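The values are calculated or read from the model by the stated rules, or taken from the named source; none is laboratory data. Owing to the predicted nature of the structure, the values given are computational and were not obtained by experimental measurement. Note that we place each Cβ from the backbone using ideal geometry, even for glycine, and neighbour counts take in every protein chain shown.
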Amino acid sequence: MSIAQDRMTLEQIAEEYARLSEPVTRRIIICAGTGCVANGSLKVHAALRDAVEQAGLPVTIELKTEAPPEGSVHISRSGCQGFCQQGPLLTILPEGILYTHVHAPDVQEIVERTLMHGEVIDRLLFNDPATGCHCHGIDDIPFYQRQQRTVLKECGVICPEDLAEYVSHGGYFAARRAYCDMSPEQICATILESGLRGRGGGGFPTGRKWELTRIQTEPKKYIVCNGDEGDPGAFMDRSVMEGNPHGLLEGMMIAARAIGADAGLIYVRAEYPLAVKRLKRAVADAEAMGLLGDDIFDTGLTLRIEVMEGAGAFVCGEETALLASVEGKRGMPMPKPPFPAQKGLDGKPTVINNVETLASVPVIMRHGAAAYKAVGTEKSPGTKTFALTGHVANTGLIEVPFGTTLGEIVMNIGGGVIDAKGNPDPAGFKAVQIGGPSGGCLTQAHLDLPLDFDSLREVGAMVGSGGLVVMNKKTCMVKVARFFMQFTQNESCGKCVLCREGTKQMLALLDDIIEGNGTRETLVLLETVARVVAKGSLCGLGKTAPSPVLSTLRYFRDEYLAHVDHKHCPTGNCKALARPVIIEEKCKGCTVCGRKCPVGAIEGERKQPHHINPEVCINCGACLETCKFGAIVYN
C-alpha cells in the first residue's frame, strides 16, 4: 500500500487501510511462496486478473491512496500457506473457499462458477483420503485443524509487500510499546519470563542472551538475524521471511530496544532471492513510514537494518562463522568465550537470533509472557515450525505446540506414510530424520514421543532448525547416514582437524559398508571416530555431524550388520549389495535366465517358477538383462 503522508501514526495507517478495504466485497488470495511460484501461481494471478476484468467486475491489485470502486474484487498474493503438497493454492473470501492444484486453465471456470454464480467447484477442493469428502476450506482440512499457527498465522493471509495490511493486523504496535512504554530491562524480563528458547537449534533462552548483551557497557551494539537456513529439506525461515517480513522486522526492533542496539543486519542465503527481495522492500517501506531510521516513534532512538546475502556456506549458520562472513572474512567459527554478546560484529556486543525466534517476539509482546508460556511444555514453551517432507502424504510447512507427538505430526497432520508411487502405506513407517544433518533418527518406538528440546536430546536427536524428513521401509538407513555425512563433510570449513579429517574418514567407512567392503571392525571404528568428532570439534557443525550416524547405529544396527555380515542391503538400495530375486507370480518357467547364468545359481523346472540360490549367485546381472517378463528384480 502506498500512502503519501509520512509519519502517520499506527492507528492512522490501520484506519486508512480499513477505509480503502471497505469497497472490496471479495478477496482472492493466491499463494506466492517459493513452492507455489515455481508451480505457476503467478500465472494464475495474471490470468485471474484478466478473467475478472473480462467478466466486467472491478479489480484491484494494490490498495493505494484512492479507494477502489464499490464491489471490487481484491486479488492479492500471500506468502507460503503451508499446504505445499496441494499447491498452487487459492483462497476466496469471505466464503473461505480453498482451491488446490489451481493452474491458469482453471481460472475461467473459477470466475464464471464461483465469483459470478456462487458455485463451489468440487474438483478443485481438497479431498480428504480418510473420509473421502471434499473440504470447503482450511477449517475442514485436518492438515490445518491439527496445527496451532502463531508465527505462521499471517504468512498465508496478508500481502507480504503491504506494510499497511500488517499494521491493520496489529503489526508494529508491540514495537511502539517497547520503545515508548518499556525499559530495556522490562523487555528482557518479559522475554525471559515467556521461556522463549532459540529456534535455531541450540534452544538457549532468548531472554538470557539479550540480558547478557544489554549489560555490556559498549555504546555500539548490533542485532543480527540469522537467515542462513542450510539444512536439506528445511524451509521454515525462508517461508517466514517471504510471508511476513514485517513480523521479522518488528521482532528485530524489539530486540534492538532491549539490548540498546542502533544497527541491525539480516543475513540471508543468496539461494533465497524472493525472501531477499521482500525483506528489502519491507525495510524500505518501514523507513519511508518512519518506523525505522532516526527518531523512532519520536523517542530520539535510531535503528537502521540492512539485508545481506550470504554465499550459501552451511557453516555460516554458526553464529561466529556468520559474523566472520559479514566482516568479509572466510566463514569459519571462532572459539568461545568471548561470546558474541560480549564481542561480536566488529568486536561490539551482538545478539544473533534466527528468523523464527525473532518472529516469535511480537507474538509474546502482544499477548503477554503468561499466554505464550501456556502453550507447549514447561521447559519448551510456545510453538515450533517444521518443514514436513519425504514419504508422507501431506508435505509442507506446519506449526505445532511443543509437546506434540511425532505420531500426531506424521500420521494425522502429514496424512500418513506413502510408498514410492505416492499410494498410502499405513504399515510403511520406518523413521524420521529430525534436525537435518545436525539431528538424528526417530523410529516407530518414538511415535508417541512429545517433541521438545529435552525429550529429543534424551533419545540422541535434536529439534534443530525444524526439518522433518519421513522415510518408509524401502529406505536404507545406512545410505541416509551417508547422505548427511556427505553433506557435512562437504560443508566443513576445514578449520579444525577433527571435523575436517574425521568427517572424511566417517564418509569413507560408510562407503566401505555400502560397497560390501565393511566388517564388524568397520562398525567399531565408525562409532569410535563419530564420538571423537562429536566431542572434540570446535563448532556445532562438527559436534553434531556424527548425530545421523550415531542414531542410525543405535536404532538400526541390524541393518548395518546385514551390510557387513551378510553383504546384503535389506532394502535393495545399495546396488553393490542388492541381490536378484525372482517374483514367482511373474515367472513363466521359460528357463532362459537359467541358461544364461554363468554359475548355475538359478534352479527350477520348465514351466514352473524358478528361484535363485543366494549362496551361489555372483550378482552379475545377466539374469536381469535376460528376463522378458520383469520377473527378476534386485532386493
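Yes or no: region 506-520 includes at least one residue that is more than 14 Å from Cys476 (Cβ to Cβ), in contact (Cβ under 8 Å) with a residue 24 or more places away in the chain, assigned to a helix (DSSP H, G or I) and out of contact with any Asp or Glu (no Cβ under 8 Å at 6 or more places or on another chain). Looking through region 506-520, at least one residue is more than 14 Å from Cys476 (Cβ to Cβ), in contact (Cβ under 8 Å) with a residue 24 or more places away in the chain, assigned to a helix (DSSP H, G or I) and out of contact with any Asp or Glu (no Cβ under 8 Å at 6 or more places or on another chain). Considering Leu541, Leu561, the condition of being in contact with an Asp or Glu (Cβ under 8 Å, 6 or more places away or on another chain) and either part of a helix (DSSP H, G or I) or not β-branched (Val, Ile, Thr) (or both) is satisfied by Leu541 alone.
All told, Ile352 falls short of being buried (at least 23 other Cβ atoms within 10 Å of the Cβ), in a strand (DSSP E or B) and either out of contact with any strand residue (DSSP E or B) (no Cβ under 6 Å at 6 or more places or on another chain) or not assigned by TED's automatic domain parsing to the domain that holds Pro219 (or both). Looking only at region 136-156, residues that are surrounded by fewer than 21 Cβ atoms within 10 Å (Cβ to Cβ) and more than 22 Å from Arg77 (Cα to Cα) come to 5 in all. Residue-level check: of (1) at pLDDT 90 or above; (2) under 20 Å from the mean Cα position of the chain (by Cα); (3) surrounded by fewer than 23 Cβ atoms within 10 Å (Cβ to Cβ), Phe484 misses just (3).
Rundown of residues vs (1) of a type outside the set (Val, Ile, Thr); (2) over 13 Å from Val478 (Cβ atoms); (3) surrounded by 19 or more Cβ atoms within 10 Å (Cβ to Cβ), yes/no style:
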| site | (1), (2), (3) |
| --- | --- |
| Val532 | no, yes, no |
| Ala545 | yes, yes, yes |
| Val549 | no, no, yes |
| Phe556 | yes, no, yes |
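Before we move on, is Thr395 under 23 Å from Gly132 (Cα atoms) and touching a Ser or Thr at 6+ places or on another chain (Cβ under 7 Å)? If you could, list the steps in order and put the result at the bottom.
On the way: under 23 Å from Gly132 (Cα atoms): yes; touching a Ser or Thr at 6+ places or on another chain (Cβ under 7 Å): yes.
When the stated conditions are applied, Thr395 passes them.
Which residue, of Arg123, Arg77, is surrounded by 14 or more Cβ atoms within 10 Å (Cβ to Cβ) and of a type in the set (Lys, Arg)? On inspection, the qualifying residue turns out to be Arg77.
Quick grid of which residues meet (1) outside the structural domain of Ile514 (by TED's automatic domain parsing); (2) among the charged types (D, E, K, R); (3) in contact with a Lys or Arg (Cβ under 7 Å, 6 or more places away or on another chain):
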{"residue": "Lys575", "(1), (2), (3)": "yes, yes, no"}
{"residue": "Glu584", "(1), (2), (3)": "yes, yes, no"}
{"residue": "Gly589", "(1), (2), (3)": "yes, no, yes"}
{"residue": "Gly594", "(1), (2), (3)": "yes, no, no"}
{"residue": "Gly600", "(1), (2), (3)": "yes, no, no"}
{"residue": "Lys607", "(1), (2), (3)": "yes, yes, no"}
{"residue": "Ile612", "(1), (2), (3)": "yes, no, no"}
{"residue": "Leu624", "(1), (2), (3)": "yes, no, no"}
{"residue": "Phe629", "(1), (2), (3)": "yes, no, yes"}
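Residues checked against (1) modelled with pLDDT of 95 or more; (2) crowded, with 17+ Cβ neighbours inside 10 Å; (3) not assigned by TED's automatic domain parsing to the domain that holds Leu249:
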| position | (1), (2), (3) |
| --- | --- |
| Arg330 | no, no, no |
| Glu356 | yes, yes, no |
| Pro362 | yes, yes, no |
| Thr404 | yes, yes, yes |
| Gly422 | no, no, yes |
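Residue-level check: of (1) farther than 28 Å from His563 by Cα; (2) part of a loop (DSSP other than H, G, I, E, B); (3) not β-branched (Val, Ile, Thr), Asn412 misses just (2). Applying the criterion of being among the aromatic types (Phe, Trp, Tyr) and farther than 26 Å from Cys188 by Cα to the residues of region 222-279, the residue that is modelled with the lowest pLDDT is Phe235.
I need a count of the residues in region 589-627 that are part of a helix (DSSP H, G or I) and either under 12 Å from Arg579 (Cβ atoms) or among the basic types (Lys, Arg) (or both).
4
Taking the stated definitions as given, is Pro340 under 17 Å from Gly202 (Cβ atoms) and loosely packed, with under 14 Cβ neighbours inside 10 Å? In short, no.
So which of Met253, Met332 is touching a residue at least 12 places away in the same chain (Cβ under 8 Å) and over 17 Å from Gly171 (Cα atoms)? Matching residue, one of Met253, Met332: Met332.
Summed over region 96-120, residues that are in contact (Cβ under 8 Å) with a residue 12 or more places away in the chain, among the charged types (D, E, K, R) and surrounded by fewer than 16 Cβ atoms within 10 Å (Cβ to Cβ) total 2. No other residue among Val102, Val111 is modelled with pLDDT of 95 or more, outside any helix (DSSP H, G or I) and in the same structural domain as Lys43 (by TED's automatic domain parsing) apart from Val102.
Looking only at region 432-453, residues that are small (Gly, Ala, Ser), in a helix (DSSP H, G or I) and closer than 19 Å to Arg531 by Cα come to 2 in all.
The helices (runs of 4 or more DSSP H) falling completely within region 196-291 that include 3 or more residues that are under 19 Å from the mean Cα position of the chain (by Cα) map to 236-243, 245-259, 273-288.
In the set Leu456, Leu523, only one residue is in contact (Cβ under 8 Å) with a residue 12 or more places away in the chain, part of a helix (DSSP H, G or I) and in the same structural domain as Thr389 (by TED's automatic domain parsing); that residue is Leu456.
Residue under question is Ala530, and the condition is that it be farther than 23 Å from Gly572 by Cβ, modelled with pLDDT of 95 or more, in a helix (DSSP H, G or I) and of a type in the set (Gly, Ala, Ser); does it hold? Taking the combined requirement at face value, the residue satisfies it.
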